[in-house]
2 protein chains.
Amino acid sequence: MNASQPVSEPRVQADHPAIDELFALLAYGEVAAFYRLTEEARMAPNLRGRINMASMAAAEMGHYEVLRDALAARGVDVVAAMTRYAPALENYHRLTTPSTWLEALVKTYVGDAMAADFYLEIADVLPDEVAGVVRAVLSETGHSQFVVSEVREAVAASGRQRSRLALWSRRLLGEAITQAQYVLADHDELVELVLSGPGGLGQVADFFSRLQQTHDDRMRQLGLA
Amino acid sequence: MNASQPVSEPRVQADHPAIDELFALLAYGEVAAFYRLTEEARMAPNLRGRINMASMAAAEMGHYEVLRDALAARGVDVVAAMTRYAPALENYHRLTTPSTWLEALVKTYVGDAMAADFYLEIADVLPDEVAGVVRAVLSETGHSQFVVSEVREAVAASGRQRSRLALWSRRLLGEAITQAQYVLADHDELVELVLSGPGGLGQVADFFSRLQQTHDDRMRQLGLA
């Protein structure tokens, strides 16, 4: 990192192409989440569960539209730009296909929380006008609260379920980190963006620590700690 | 009908239980459309098509939420109320499962248009405060314009496709009318609501004529007339 850089000022400019890449990655993430949530909702034991999942999925498309419009304003076609991020996100979902409704609920909750953490962290290293887009998306998350009571009830009734879902949630975090690392390995401009914050490389390590920490908090909320 | 009833004033009061039933029927229609659009989007030849379908599906959940909130304000739980309308709507979708992407596109467009016609017609017989809810949902439709250019292009290139899709669109209208009649046969309170407008029974016949007319207009827009 550059020691002469003021701590409060991000190094990347608003027109940096890495920002197009970041928005494209996030946009594909939203579309992939839409289709996966909708597919996983088939496991819902009742109409109410299916509707909760559908509402969350619909919120993902709202996020997508914010990112699509931001890219359009930057002269970038979202569909063309985001295609290159499909493999990482599809791999994450393929490797974390739930086999029960409770696994689907935990995945929804953990995925939503990880996305929110990521959005919040990344907003801090972005120029203000760009951070505004990311925060606008973030302000729309939090649709997954319906999960908490259902999971808590199930794990209070069964220690076996608790162990099983705790393992599952660790696997979700692990796969997300693995895919994030593949994305960074393939996209130097994103690495540059992540490293552009005041903490540089140290910040990346801190980021993963904080992700682990907030993940642990979520596990406690779900009764899985 | 009651000849002493002023023509401009609907007979049904805002607290009439038929309005709960109507909202419940419309709410299930939105949820069913969400899941069907998402499923039919699998046939899309590319990511752009899948995203257009996902955006439409997300809009259906927005409509659902307007209706859910209106029912909650009336002290009615949407999920419990709408379950009885599941068979008619699921039957419509089951009997009109598209076998190609073009059929899926036409179904999306025709279904969206029929829903808009129905919402517009029904709003006219409702008390103002209730009609406001229906018009709020209606103002959110119109996400299916992306269909027009794709279908026109396909049918301009192939007379066989045109004949096939014209037949398909007539079948969609026919199945919708059939299922609407089943719903009315099972729900006297909805019949009462439909008959409460200034035209009474005559209005029902007029309604189906207008539905046919606007359906013909849509077929022309798609190049299928």
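Observations on the structure shown:
- When the Cα positions of A:W168, A:L211, A:L120 are compared along the charge dipole of the stretch A:17-222, A:W168 comes out farthest toward the positive end, with charges on each C-beta of Lys, Arg, Asp and Glu.
- FRET efficiency, A:Q212 to B:T100 (Cβ-Cβ, R0 41 Å, nearest 0.05): 0.30
- Cα Rg, Dmax (largest Cα-Cα span) when computed across the stretch A:17-222, Å: 16.9, 53
- With the label put 7 angstrom out from Cα along the Cα-to-Cβ vector, B:D15 ends up 6.4 nm from the copy partners, going from closest to farthest.
- Radius of gyration (Cα atoms) of the protein assembly as shown, expressed as a multiple of 2.2 N^0.38 Å: 1.11.
- Placing a label point 7 Å from Cα along the Cα-to-Cβ direction at B:V204 gives distances to the equivalent points in the other copies of 7.0 nm, listed shortest first.
- Peptide-level mean, for A:209-220, of C-beta atoms on other protein chains within 10 Å: 0
- Full-stretch length increase - B:R42, B:D124 - with 0.36 nm per residue and alpha-carbon distance subtracted: 25.8 nm
- Inter-copy label distances at B:G159, using a point 7 Å along Cα-to-Cβ, come to 7.7 nm with the shortest given first.
- Relative contact order computed over chain B (Cα-Cα under 8 Å; 6+ residues apart), in percent: 29
Any read-out appearing in this document is the output of simple, stated calculations on the displayed coordinates, not a laboratory observation. If you're wondering where the values come from, they're calculated on a predicted model, not measured in any experiment. No Cβ is skipped: glycine too gets one built from the backbone with ideal geometry, and neighbour counts run over all protein chains shown.
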